[in-house]
Amino acid sequence: MESYQIEDLLITAHKKGASRFGKFSYPIRYGQFSEIRTATNSFQFNLNGEIRFIQGRGNGWPYPAEWLKRSAGNDWVYYSAGDYKGVYDLLGEYYYPYLPYPSNSILGDNPLKGPQLRSAINSCTALREKARELVSRSMPDQVKRLLLRIAENTPRVLRSKAALLHRVIGGRATVLPPDSRHVDYDVIPLTVAEGCLLKCGFCRVKSGRGFKQWSAGAILNEIQSLKQLYGEDLRNYNALFLGQHDALHAGRDIILFAAENAYELFQFERSSMEEPVLFLFGSPLSMIATEENLFEALDSLPYSTVYINIGLEAADCATLRGLKRPVTAETVHEAFALMLDINRRYKKIEVTANFVFGDQFSPDHFESLVDLTTNRLDPVRAKGALYLSPVVDESSIDEARRREILRRFRDLKTHSRLPTYLYLIQRL
């Protein structure tokens with residue numbers, strides 16, 4: 001991990017971070033990466049020479065323990081420490097990710113709109129120009145290769161790579177499973193089926209198209225294209241997201257085909273990151289219809305954990321009707337009971353559930369959630385979690401409503417016998 005000084009740049013061509021994801025109340029990096037430090041910023045790059053993180057070093061930076069992260073979809077996300085305990089209670093993580101697009105955040109002002117962070121993002125351009133100037137000088141080969149790659153990865157190139165990612169997987173991944181927070185949302189998206197079974201009236205993130213399964217051949221071509229696109233940085237990944245919105249309904253053969261071939265061709269066993277993880281969504285209908293042999297097969301895969309997130313949304317008839325959701329409360333209760341049963345019987349499978357939340361729903365909504373998460377559970381549960389998705393108009397919500405929604409969330413969290421967190425919809 002030798003560093004090389006060129007003018008005001010301190011260049012470390014190879015650094016090694018943690019090899020296992022965890023919960024930390026201080027900045028930490030994972031896998032292998034490169035770093036360039038200037039007087040004002042620390043820039044970190046993935047193994048393809050693409051900018052991944054920026055962390056300010058001067059007085060103009062909001063807070064020393066916070067940073068910017070660029071996703072594979074070319075979005076910048078700002079990780080705010082806030083009040084560590086308060087953030088952890090809300091999200092189960094020590095950092096709050098502020099997103100550059102409309103989501104379901106209810107924490108108010110977004111620091112991404114501030115001049116300090118915009119200036120830091122724009123400073124990447126000056127660094128690339130500097131790298132282009134310096135490559136003609138005498139320097140170690142490893143440093144020169146890094147500077148060449150940084151110079152090549154212009155904003156236009158990065159946008160093109162993100163656009164290619166979206167073409168390969170059949171469109172932008174508009175929502176990632178909330179459980180992917182456990183790997184800091186660093187998942188490789190692999191579409192196995194388009195659309196979903198339930199085209200609900202309230203949904204803002206799904207395509208609205210009907211369910212359509214992809215063929216084994218199409219999935220294999222997708223894996224090969226993703227392998228080429230991620231390139232050398234593939235070794236920093238150990239997490240797979242089977243998309244889009246109801247991969248569980250794709251059935252045993254396609255799910256296992258995708259999970260097994262991706263594991264082999266992405267070479268997860270050789271990843272810089274330990275304990276490979278699999279994520280997928282399911283609906284209450286697909287959860288109930290799934291045969292036991294699929295759960296048995298998932299439990300035997302070489303992934304350390306298989307997370308299945310089920311969108312239950314509400315447990316009372318009035319709210320389900322208001323959401324224009326074509327399922328009954330009895331179906332939701334049955335899927336929830338099955339979730340608890342699967343979590344109890346399978347070692348490597350963890351099923352979690354989503355519910356909508358806000359201050360515009362009837363008292364029945366809150367009371368039915370309390371009943372479901374308290375009265376229907378044993379006092380102690382080792383696995384499973386609940387995610388509450390705030391349904392609010394971010395353009396019009398005021399501070400009083402924010403406080404009230406958070407108060408109701410904490411009230412439900414106090415009652416719940418399962419870990420309960422807010423669901424921040426992140427895309428890729």
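The values are calculated or read from the model by the stated rules, or taken from the named source; none is laboratory data. Predicted, not measured: the structure shown is a model, and the values here were computed from it. Reconstructed Cβ throughout: ideal geometry from the backbone, glycine too, with neighbour counts over all protein chains shown. Heavy atoms of the whole protein, side chains included, go into the accessibility calculation; ligands, DNA and RNA do not. Shrake-Rupley method; radii C 1.70, N 1.55, O 1.52, S 1.80 Å.
Regarding the range 1-8, can at least one residue be identified that is touching a helix residue (DSSP H, G or I) at 6+ places or on another chain (Cβ under 8 Å) and of a type outside the set (D, E, K, R)?
yes
Anything in the range 262-286 that is farther than 18 Å from L340 by Cα, of a type in the set (A, V, I, L, M) and part of a helix (DSSP H, G or I)? List them, or say none.
Taking the range 262-286 first, the residues farther than 18 Å from L340 by Cα are 262-278.
From the residues that got through so far, the ones that are of a type in the set (A, V, I, L, M) too are 262, 265, 273, 277-278.
Within the range 262-286, A262, L265 meet the criteria.
Sort out which residues of the range 154-183 are open to solvent by 30 Å² or more (accessible area, probe 1.4 Å) and of a type in the set (D, E, K, R), and write them in order of number.
Residues satisfying the conditions are R156, R159, K161, R167, R172.
Across the range 106-124, what is the total count of residues that are open to solvent by 60 Å² or more (accessible area, probe 1.4 Å) and either at pLDDT 90 or above or not in a loop (DSSP other than H, G, I, E, B) (or both)? Show your work before the answer.
Kept after step one, since they are open to solvent by 60 Å² or more (accessible area, probe 1.4 Å), are these residues of the range 106-124: 109, 113, 115-116, 118-119, 122.
From what is left, the residues that are either at pLDDT 90 or above or not in a loop (DSSP other than H, G, I, E, B) (or both) are 113, 115-116, 118-119, 122.
Matching residues across the range 106-124 total 6.
Among all residue pairs at least 6 apart or on different chains, which show Cβ distances below 9 Å where the first residue, located in the range 258-279, is at positive phi and open to solvent by 20 Å² or more (accessible area, probe 1.4 Å) and the second is of a type in the set (G, A, S) and not in a helix (DSSP H, G or I)?
From residues that are at positive phi and open to solvent by 20 Å² or more (accessible area, probe 1.4 Å), the pairs are E275/S304.
Among the candidates G22, G49, G58, single out the residue that is part of a loop (DSSP other than H, G, I, E, B) and open to solvent by less than 20 Å² (accessible area, probe 1.4 Å). Break it down stepwise before answering.
Working: G22 fails: open to solvent by less than 20 Å² (accessible area, probe 1.4 Å); G58 fails: open to solvent by less than 20 Å² (accessible area, probe 1.4 Å).
Step by step, each of G22, G49, G58 is checked, and only G49 is part of a loop (DSSP other than H, G, I, E, B) and open to solvent by less than 20 Å² (accessible area, probe 1.4 Å).
Give the range 184-195 a look and list any residue that's open to solvent by 10 Å² or more (accessible area, probe 1.4 Å) and either among the polar types (S, T, N, Q) or over 24 Å from G31 (Cα atoms) (or both), or say none.
Going residue by residue through the range 184-195, those that are open to solvent by 10 Å² or more (accessible area, probe 1.4 Å) are 184-186, 194.
E194, the sole residue that qualifies.
In this structure, is E330 touching a Phe, Trp or Tyr at 6+ places or on another chain (Cβ under 9 Å) and closer than 27 Å to T374 by Cβ?
Against the criterion (touching a Phe, Trp or Tyr at 6+ places or on another chain (Cβ under 9 Å) and closer than 27 Å to T374 by Cβ), E330 does not qualify.
Any residue that is closer than 28 Å to L107 by Cβ, crowded, with 24+ Cβ neighbours inside 10 Å and modelled with pLDDT under 95 - is there at least one of those in the range 357-365?
yes
Can you tell me which of Y78, Y94 is open to solvent by 20 Å² or more (accessible area, probe 1.4 Å) and of a type in the set (F, W, Y)?
Going through Y78, Y94 in turn, just one is open to solvent by 20 Å² or more (accessible area, probe 1.4 Å) and of a type in the set (F, W, Y): Y94.
Go through (1) part of a loop (DSSP other than H, G, I, E, B); (2) open to solvent by 20 Å² or more (accessible area, probe 1.4 Å) for S103 and report which single condition fails.
(2)
Applying the selection to the range 313-334, what residues are under 24 Å from the mean Cα position of the chain (by Cα) and outside any loop (DSSP other than H, G, I, E, B)?
Narrowing the range 313-334 to residues under 24 Å from the mean Cα position of the chain (by Cα): 313-314.
Across the range 313-334, the qualifying residue is only E313.
Can you pull out the residues in the range 287-312 that are surrounded by fewer than 23 Cβ atoms within 10 Å (Cβ to Cβ) and part of a helix (DSSP H, G or I)?
Across the range 287-312, the qualifying residues are I288, A289, E292, N293, L294, F295, E296, A297, D299.
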